[in-house]
Amino acid sequence: MRQERLTELAAALAVDEISGPELSIVIPALNEAACIVETLCAVDQQIAGLVRSHEIILVDDGSTDGTLLRVATLAHRLPLTTIRLSRNFGKEQAMMAGLAQARGNAVIVMDADLQEPVDAMATMVAHWRAGWDMAYAVRAHRQDEGRLKRGLTRAFYRLVNAGSDAPIPEDARDFRLMDRRVVDALLALPERNRFMKGLYGWVGFRSIAVPVELAPRAEGVSKFGLANLFRLALTGMTAFTSWPLRVWTGVGLVMSIIALVYGSYLGLRTVLFGHDVPGWSTLAVGMFLLGGVQLFSIGVLGEYLARIFTEVKGRPGYIIAELRRSQDEKRG
Ligand code: UDP
Ligand code: MG
């Protein structure tokens with residue numbers, strides 16, 4: 001009996017040597033020194049009973065508070081891989097860096113701040129075992145957020161999903177489990193302007209939502225202020241829509257028709273009733289309105305053009321400064 005168990009274990013280990021662990025957990029972190037140790041321990045504890053073998057991949061996205069130093073001692077106790085990016089590249093790129101190094105048959109992506117309940121992982125793994133390719137967390141409510149942020153978020157999803165064939169679920173989080181096939185599909189996408197929430201949906205596969213309650217941030221502060229969110233929203237818009245580029249054809253057409261009709265009316269009036277001077281206010285309003293519309297539409301063009309420019313330059317999305325696997329250390 002014991003012998004059998006040992007052979008089984010040995011076989012499992014040998015499989016891991018070749019194909020990697022069963023599950024990888026990718027955690028992007030920027031200045032999370034205050035809670036990173038607690039997070040890694042909680043994750044490790046939660047996951048240990050769920051799968052045969054696992055690895056935790058911590059991506060340090062240019063932290064300046066010694067986040068990595070905090071976890072240095074953990075590498076001996078946990079199956080931990082740390083990736084230090086050469087500077088802050090943003091959460092989307094940090095997640096990609098982690099996904100690229102993950103070797104598991106499935107990968108869970110999760111924030112470093114423990115706002116998301118780790119026990120939801122059990123549900124995710126259960127869904128995966130039942131044949132789902134992706135199990136993503138959706139927040140049960142947004143009561144913790146201000147009205148403004150909620151309103152803007154809603155407006156953003158309306159705009160970005162307008163006419164889309166793979167709408168992005170509104171309250172979905174990055175916190176999710178993905179099968180190897182989904183991860184490979186994501187990694188194969190060549191684009192650099194990455195809006196992960198859109199890409200998850202774009203690659204398809206069978207997905208299931210897992211409702212979660214978010215805890216307030218225990219330590220540190222949120223890295224996503226309004227400015228940051230706005231930038232992310234622009235990336236999402238430009239990456240997943242093209243209607244803002246095309247809508248101006250319609251606007252221009254409608255304006256031209258209005259101008260033609262109004263012009264004919266003015267012409268007719270002059271012929272019938274003679275010429276009168278007033279009309280400067282119409283001119284002024286027309287000038288400002290058209291000027292505004294033109295500048296705005298050029299701005300929209302510029303946004304898309306800027307993204308095309310970054311894609312064409314072909315720079316990598318992130319640069320790895322240092323990569324450590326705890327197994328390597330053990331092997332010396
Ligand atoms: N994060 C990152 N790079 C960044 C910004 C954030 O890796 O440039 C990480 C951060 O450490 C955390 C996750 O992304 O693990 C989510 O960030 P945060 O909790 O600040 O966002 P919120 O939960 O407020 O949306
Ligand atoms: Mg958070």
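The values are calculated or read from the model by the stated rules, or taken from the named source; none is laboratory data. Predicted, not measured: the structure shown is a model, and the values here were computed from it. Don't worry about glycine lacking a Cβ; one is built from the backbone with ideal geometry, like all the others, and counts go over all protein chains shown.
Is the stretch 122-138 home to any residue that is in contact with a Ser or Thr (Cβ under 7 Å, 6 or more places away or on another chain), closer than 18 Å to residue 213 by Cβ, within 16 Å of ligand 1 (Cβ to nearest atom) and modelled with pLDDT of 90 or more? There is at least one residue in the stretch 122-138 that is in contact with a Ser or Thr (Cβ under 7 Å, 6 or more places away or on another chain), closer than 18 Å to residue 213 by Cβ, within 16 Å of ligand 1 (Cβ to nearest atom) and modelled with pLDDT of 90 or more. The combined condition, being away from ligand 1 (no atom under 11 Å from the Cβ) and touching a residue at least 40 places away in the same chain (Cβ under 8 Å), is fulfilled by residue 104.
Take the stretch 137-175 and flag every residue that is in a helix (DSSP H, G or I) and of a type in the set (Val, Ile, Thr). Write out each step before concluding.
Applying the first criterion (in a helix (DSSP H, G or I)) to the stretch 137-175 yields 147-161.
Within the stretch 137-175, 153, 160 qualify.
Reported count of residues in the stretch 286-326, each being assigned to a helix (DSSP H, G or I), under 24 Å from the mean Cα position of the chain (by Cα) and either of a type in the set (A, V, I, L, M) or under 30 Å from residue 71 (Cβ atoms) (or both), is 6. Residues in the stretch 202-231 that are more than 10 Å from ligand 1 (Cβ to nearest atom) and not in a loop (DSSP other than H, G, I, E, B): 202, 207, 208, 209, 210, 211, 212, 226, 227, 230, 231.
Of the residues contained in the stretch 76-91, one or more are found to be in a helix (DSSP H, G or I), more than 16 Å from ligand 2 (Cβ to nearest atom) and in the same structural domain as residue 33 (by the TED database). Based on this model, can you work out whether residue 304 counts as aromatic (Phe, Trp, Tyr), modelled with pLDDT of 80 or more and under 30 Å from residue 93 (Cβ atoms)? Spelling it out, residue 304 is indeed aromatic (Phe, Trp, Tyr), modelled with pLDDT of 80 or more and under 30 Å from residue 93 (Cβ atoms).
So which residues in the stretch 238-281 are touching a Phe, Trp or Tyr at 6+ places or on another chain (Cβ under 8 Å) and either over 23 Å from residue 165 (Cα atoms) or hydrophobic (A, V, I, L, M, F, W, C) (or both)? Listed by number, the residues that qualify are 239, 240, 245. Does residue 269 qualify as being surrounded by 12 or more Cβ atoms within 10 Å (Cβ to Cβ), within 30 Å of residue 83 (Cα to Cα), of a type in the set (Lys, Arg) and outside the structural domain of residue 60 (by the TED database)? Against the criterion (surrounded by 12 or more Cβ atoms within 10 Å (Cβ to Cβ), within 30 Å of residue 83 (Cα to Cα), of a type in the set (Lys, Arg) and outside the structural domain of residue 60 (by the TED database)), residue 269 does not qualify. Among the residues of the stretch 205-243, those that are away from ligand 2 (no atom under 16 Å from the Cβ), surrounded by 13 or more Cβ atoms within 10 Å (Cβ to Cβ) and small (Gly, Ala, Ser) comprise 207, 209, 233, 236, 239.
Taking each residue of the stretch 177-193 that is in the same structural domain as residue 90 (by the TED database) and looking for partners that are surrounded by fewer than 12 Cβ atoms within 10 Å (Cβ to Cβ) and among the charged types (D, E, K, R) with beta-carbon atoms closer than 9 Å, six or more apart or interchain, yields 192/313; 192/315.
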